[in-house]
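Coordinate-derived values only; no laboratory data. Please read all numbers here as calculations on a predicted model, not as lab measurements. A quick note on method: Cβ atoms are made from the backbone with ideal geometry, for glycine too, and the neighbour counts reach across all protein chains shown.
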Amino acid sequence: MKVPQSLRDIIESSESLVYIEDLSSKHGLIQNINPLINLIVVVFMIVTSLFIFSLPYLALICIIPVILALASRVPLKYLLSRTVWIPAFAALISIPILFITPGQAIASANFGFFTLAITSAGITRFLVFSIRVWFCVASLTILVVTLGFEKLLKLLSSLRIPPVIVHLFSLTYRYFFVSVHEVQSFLIAKEARTYIHRRTMNYQALKDFSSILAALFIRTYERSERVYLAMKSRGFTIENDHKLALPSFRWIDALFASMIIITFTLIILFIL
């Protein structure tokens, strides 16, 4: 992964983080399954993982998101780059589990007034929590990137989510790229007027970035007013917007859901 050297590199990479249309257009396993079935399966997988406390079995079910990613033609590098940060943060905040969990001490340190000891049970709980977080994040990531934004809106609409929330997601996603391009224009203009031999990210760059965000906020507010008036002048209303329909159920949808549900059910029964 390329290390960002400037604010413009970060802004350019942020656009690719939320762009999900490329993978959703591929002909893979998840892309050919009904979106509602995909949602039910992913929710079932996440809920089931909450009842698995055995570290070997929890590591075993982590193979399933990898298999689904490969079957859906999602590159593993893409999946790992988008699922590594949240589990890493979860591992960071769960470090106290290593010391507060009772059990046999593996290592200890005496600080005079108190003693910190890492227990074997604490390490197990720490790994179980971190792996479970990765499993949940990876499952949701596969669901989102393989559905695509249009199918995601159809799924929300079919679940009777209030139309105002559906349109809020739609406008936020579509105008995010407009905002990114505006920031890129600002940064390019700033670099053209303050030329340096090498683009670096320093304190002054962050300070200038705050001024760019303030200007972007004003332009965003003005543009939102113009967009709203343009939509109203063309007769757009949330209440009269047509409901998006999902594709009909097929035998392959039932087969896919049955395989996943049976697999996780057998794991739970075997543990019990």
Multiply the residue gap between residue 261 and residue 88 by 0.36 nm, knock off their C-alpha separation, and tell me the result in nm, one decimal place.
-> 59.4 nm
Please turn the phi angles of segment 55-72 into ³J(HN,Hα) values with the Karplus equation 6.51 cos²θ - 1.76 cosθ + 1.60 (θ = phi - 60°), one per residue in order, whole Hz, x for glycine and proline.
-> 4, x, 6, 5, 5, 5, 6, 5, 5, 5, x, 5, 5, 5, 5, 5, 5, 9
Which far-off residues, 5 or more places away or on another chain, put their amide H under 5 Å from the one on residue 73, with H placed in the peptide plane?
-> 29
Within the set of other residues whose C-beta is less than 14 Å from the C-beta of residue 52, count the net charge using Lys and Arg as +1 and Asp and Glu as -1.
-> +2
What is the packing order of peptides 131-137, 25-31, taking the mean over residues of other C-beta atoms within 10 Å and listing the highest first?
-> 131-137, 25-31
Non-local residues with an amide H under 5 Å from the amide H of residue 54, with H modelled 1.01 Å from N and Pro and chain starts lacking one, are none
Efficiency by 1/(1 + (r/R0)^6): what FRET value for residue 158 and residue 99, r their Cβ-Cβ distance, R0 = 45 Å, to the nearest 0.05?
-> 0.45
